[in-house]
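The values are calculated or read from the model by the stated rules, or taken from the named source; none is laboratory data. Note that the structure is a prediction, hence the values are computed from the model and not measured. Note that each Cβ is placed from the backbone with ideal geometry, even for glycine, and that neighbours are counted across all protein chains shown.
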Amino acid sequence: MSTSTTTPYRPRIIDPVLAELLGELPAISILGPRASGKTTTALTAARTVLRLDKPAEAAAVAADPDAAIRSLPEPILLDEWQQTPTVLGAVKRAVDAEPRPGRFILTGSVRAALDTEAWPGTGRIVHLAMSALSLRERLGDAHAPTFIERVARSGADELGLPSQLPDLRDYVALALASGFPEPALRLSPPARTRWLRSYLEQMVTRDARLVEGGRDPTRLRRYFEVLALNTAGVCDAKTLYQSAGIARMTAEAYERLFAELFVLDAVPAWYSNRLKRLVKMPKRYLVDPGLAAAAVGLDEATVMRDHDQIGRLLDTLVAAELRAEIPACPTPVRLHHLRTEGGRQEVDLLVELAGHRIIAIEVKAAAAVHVNDARHLVWLRDELGERFVHGLVLHTGPRRFTLSDRVSAVPLAALWA
């Protein structure tokens, strides 16, 4: 058992959400990728820490979970609780006996244990999603109104820009830097690449066993590399599993596993009764563009020679930024993509707000934007009418300007400015 540290803390988007929930609820579970900063964030609120990824502490808690958490200063952080799942029963019993707010914080890097019939936390433990570091957390004000909130409120009118705007190479460097705090904030590019490759190796050999034992690490790694090459793509499953040389059912199991480890996000296709012939395939994103690049050996020079990979990494970067903001949005928000049959109309990301209102986003890996680049946004606006809040073409140039009614061209840097 240990207490919280005094290491300087980098503010995170979910900080005020965590504080608000702890003020009203007895137990909060922070879920997200391993090494994304969950423990560091939880330490800012916890008075006691039980690190269950340490064998000695895990064994002590497993021997008598109820006794282990009794009479400790609260909130109690149960770090990597999935290593000792019996502690959940003790949390349930403690909350049932005394449901006062601010008693427990749980952090975990595996979703699988939450989906079992034996899960005792339903109605007692509220989940809070946490992503790796976003651009706003790295470069801006983590506690300012989110990009999504500002666009929902005023279109592009509230979107500012930093005093020094990045160019295309700078944006690629930001994507390759990763959002995992260790490589993003402290490591040089060579060391960062080694860290990310090690992360992938540990994920397919060690972390995967926590979800589903018996998987072949070599084939698992190969399928992850195929997903990395196709991140931000709408691709049929057959193309992916054939590229990896595995069977369909194996690929489906691997995708579930990566989703349960919070490194793969299958963004669903958007559906509307008003629009016909919409493609129903998901758009698969690896949650971190730096990890995607490291998985297939891409560096800055290689990416800058491949326009397709530039587009994929920037699209993945934008999706990661929006995903990090969603837990802090005051009303429910969902991410979708849109594509009609044959790709006649395609929108990279749809942010669905309360009331089925839509913010539509195109990501363009170029500095020059023309009216024609917004044609799919204009089409969607005309189809949806008042439900269409605003359309944005996010680009790598320096200017923000209007393309059409409720459609704007905006530099990518507006995501964090």
For residue 131, the lone unmet condition from (1) among the small types (Gly, Ala, Ser); (2) surrounded by fewer than 18 Cβ atoms within 10 Å (Cβ to Cβ); (3) at pLDDT 95 or above is (2)
- prompt: Does residue 33 count as over 24 Å from residue 100 (Cα atoms), surrounded by fewer than 18 Cβ atoms within 10 Å (Cβ to Cβ) and either out of contact with any strand residue (DSSP E or B) (no Cβ under 9 Å at 6 or more places or on another chain) or of a type in the set (A, V, I, L, M) (or both)?
  reply: no
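Out of everything in region 332-349 that is crowded, with 18+ Cβ neighbours inside 10 Å and in a strand (DSSP E or B), what residue ends up being nearest to the chain's Cα centre (by Cα)?
The selected residue is 335.
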Considering region 101-128, residues that are assigned to a loop (DSSP other than H, G, I, E, B) and at pLDDT 90 or above, and then whichever is nearest to residue 12 (Cα to Cα), we arrive at 102
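Any chance you could count how many residues in region 402-416 are buried (at least 20 other Cβ atoms within 10 Å of the Cβ) and either under 27 Å from residue 143 (Cα atoms) or without any contact (Cβ under 8 Å) to a residue 12 or more places away in the chain (or both)? Don't jump to the end; show me each part of the working.
As a first pass, look at region 402-416 and keep what is buried (at least 20 other Cβ atoms within 10 Å of the Cβ): 403, 407-416.
From the residues that got through so far, the ones that are either under 27 Å from residue 143 (Cα atoms) or without any contact (Cβ under 8 Å) to a residue 12 or more places away in the chain (or both) too are 407-416.
The total comes to 10.
Which is touching a Gly at 6+ places or on another chain (Cβ under 8 Å) and at pLDDT 95 or above, of 153, 192?
Result of the check over 153, 192: 192.
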If we take region 207-289, then helices (runs of 4 or more DSSP H) inside it with 1 or more residues that are modelled with pLDDT of 95 or more, more than 22 Å from residue 310 (Cβ to Cβ) and not hydroxyl-bearing (Ser, Thr, Tyr) are 217-229, 237-244, 248-260
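Residue-by-condition table, conditions (1) within 21 Å of the chain's Cα centre (by Cα); (2) crowded, with 22+ Cβ neighbours inside 10 Å:
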position	(1), (2)
277	no, no
281	yes, no
294	yes, yes
300	no, no
304	no, no
315	yes, yes
330	yes, no
The residue that is farthest from residue 299 (Cα to Cα), considering only those in region 173-218 that are aliphatic (A, V, I, L, M) and surrounded by fewer than 17 Cβ atoms within 10 Å (Cβ to Cβ), is 185
Residue 125: passes all of (1) assigned by TED's automatic domain parsing to the domain that holds residue 327; (2) under 25 Å from residue 264 (Cβ atoms); (3) not polar (S, T, N, Q) but (1)
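Could you list, in sequence order, the residues of region 364-417 that are in a loop (DSSP other than H, G, I, E, B) and among the acidic types (Asp, Glu)?
Passing the criteria: only 405.
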